[in-house]
Amino acid sequence: MKEIICPYPWDCGKNFDPLEMEKNDFEFLKSAAEKRMTFMFLHCPKCERQFQFDTVQWKADGFGFSEPKIVVEKKKKTIKQLTAILAKAKIEIPTDYFDYLTGNNFNSVISIFADEDDFYLYNLNELCEKINVDGKSYLTIRQLKGFASSLEEIIEEKPQTTKEQQFSLTELSYCLAIGYENTRILFIDSRDNNSLWVFHSDGGGDCEKTNITLDLITKKITCR
């Protein structure tokens with residue numbers, strides 16, 4: 001395999017042999033290269049930062065990190081403007097959760113799994129910002145549509161067993177992302193608009209059900 005260049009020149013930017021990566025990353029890369037995957041996550045063995053990788057172009061792109069010296073000021077939109085963005089995209093946030101997002105009791109930190117790192121909920125502004133998934137732009141709240149589209153190109157979808165066990169890619173594409181922890185994405189089950197699941201964006205698209213619901217969040221019940 002050819003060398004890979006770390007996409008963070010301001011702090012690393014070094015060339016490295018794929019064999020230098022962690023075993024799981026290397027095995028994932030080998031499998032992805034055979035399938036000619038254009039979207040996946042790997043970690044630089046030099047700086048340990050995560051990056052996106054395209055095995056066809058053999059090119060790494062940054063993901064979630066920016067040069068510390070560059071200060072990007074984001075002007076917040078009004079609730080009216082944000083509501084218009086959601087309406088244009090035909091996205092409906094469950095009413096109770098929308099009220100929670102726009103109320104004074106919103107708390108971005110939430111515990112999803114005991115003894116694991118906390119997740120962070122996107123605020124309404126963040127949900128309406130654009131995010132790049134495999135070269136295409138999506139609203140943050142609709143990012144799972146991008147992941148589902150990418151997965152559809154590289155895997156053959158298997159029939160569902162039961163609704164409690166997995167999502168079809170079509171169902172996943174309609175789910176709304178509301179938070180994250182590293183590469184794990186917290187989302188609302190589009191089938192009942194209440195159950196919360198976690199999508200593992202660097203684990204082949206696996207979905208994991210949580211014991212948390214939107215009701216628990218909006219009613220401010222402790223989730224530990």
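Taking the criterion of being of a type in the set (A, V, I, L, M) and more than 19 Å from Asn194 (Cβ to Cβ), would at least one residue in segment 91-108 satisfy it? Scanning segment 91-108, I find no residue that is of a type in the set (A, V, I, L, M) and more than 19 Å from Asn194 (Cβ to Cβ), so the answer is no. Looking only at segment 11-26, decide whether some residue is among the acidic types (Asp, Glu) and either under 19 Å from the mean Cα position of the chain (by Cα) or within 20 Å of Phe199 (Cβ to Cβ) (or both). Within segment 11-26 (the criterion being among the acidic types (Asp, Glu) and either under 19 Å from the mean Cα position of the chain (by Cα) or within 20 Å of Phe199 (Cβ to Cβ) (or both)), the answer is yes, since at least one residue qualifies.
Within segment 40-63, being assigned to a loop (DSSP other than H, G, I, E, B) and at pLDDT 85 or above holds for Cys44, Pro45, Lys46, Cys47, Glu48, Arg49, Thr55, Val56, Gln57, Trp58.
Output the residue which, of all residues in segment 29-60 that are aromatic (Phe, Trp, Tyr) and in contact with a strand residue (DSSP E or B) (Cβ under 7 Å, 6 or more places away or on another chain), is surrounded by the fewest Cβ atoms within 10 Å (Cβ to Cβ). Restricting to residues being aromatic (Phe, Trp, Tyr) and in contact with a strand residue (DSSP E or B) (Cβ under 7 Å, 6 or more places away or on another chain), the top hit is Phe41. Scanning segment 64-103 for residues that are modelled with pLDDT of 90 or more and closer than 30 Å to Glu153 by Cβ yields Ile85, Leu86, Ala87, Lys88, Ala89, Lys90, Ile91, Glu92, Ile93. Restricting segment 135-157 to residues that are surrounded by fewer than 16 Cβ atoms within 10 Å (Cβ to Cβ) and of a type outside the set (Ser, Thr, Tyr) leaves a set whose member that is modelled with the highest pLDDT is Lys136. For Ser111, the test of being modelled with pLDDT of 90 or more and small (Gly, Ala, Ser) is passed.
Taken over segment 92-119, the criterion of being surrounded by 16 or more Cβ atoms within 10 Å (Cβ to Cβ) and either aliphatic (A, V, I, L, M) or not assigned by TED's automatic domain parsing to the domain that holds Gly179 (or both) is satisfied by Ile93, Leu101, Ile110, Ile112.
Yes or no: Lys23 free of Cβ contacts under 8 Å to residues at least 12 places away in the same chain, more than 17 Å from Thr183 (Cα to Cα) and surrounded by fewer than 16 Cβ atoms within 10 Å (Cβ to Cβ)? Considered against the rule, which asks whether it is free of Cβ contacts under 8 Å to residues at least 12 places away in the same chain, more than 17 Å from Thr183 (Cα to Cα) and surrounded by fewer than 16 Cβ atoms within 10 Å (Cβ to Cβ), Lys23 comes out as yes.
Here Asn132 meets each of (1) within 14 Å of the chain's Cα centre (by Cα); (2) surrounded by 14 or more Cβ atoms within 10 Å (Cβ to Cβ) with one exception, condition (2).
The C-beta contact set for segment 111-134 (first residue of a type in the set (Lys, Arg), second residue not in a helix (DSSP H, G or I), distance under 9 angstrom, 6+ apart or interchain) comprises Lys130/Ser137; Lys130/Tyr138; Lys130/Leu139.
The values are calculated or read from the model by the stated rules, or taken from the named source; none is laboratory data. Worth saying up front: this structure is predicted, and the values here are computed from it rather than measured. Virtual Cβ from ideal backbone geometry, glycine too; neighbours counted across all protein chains shown.
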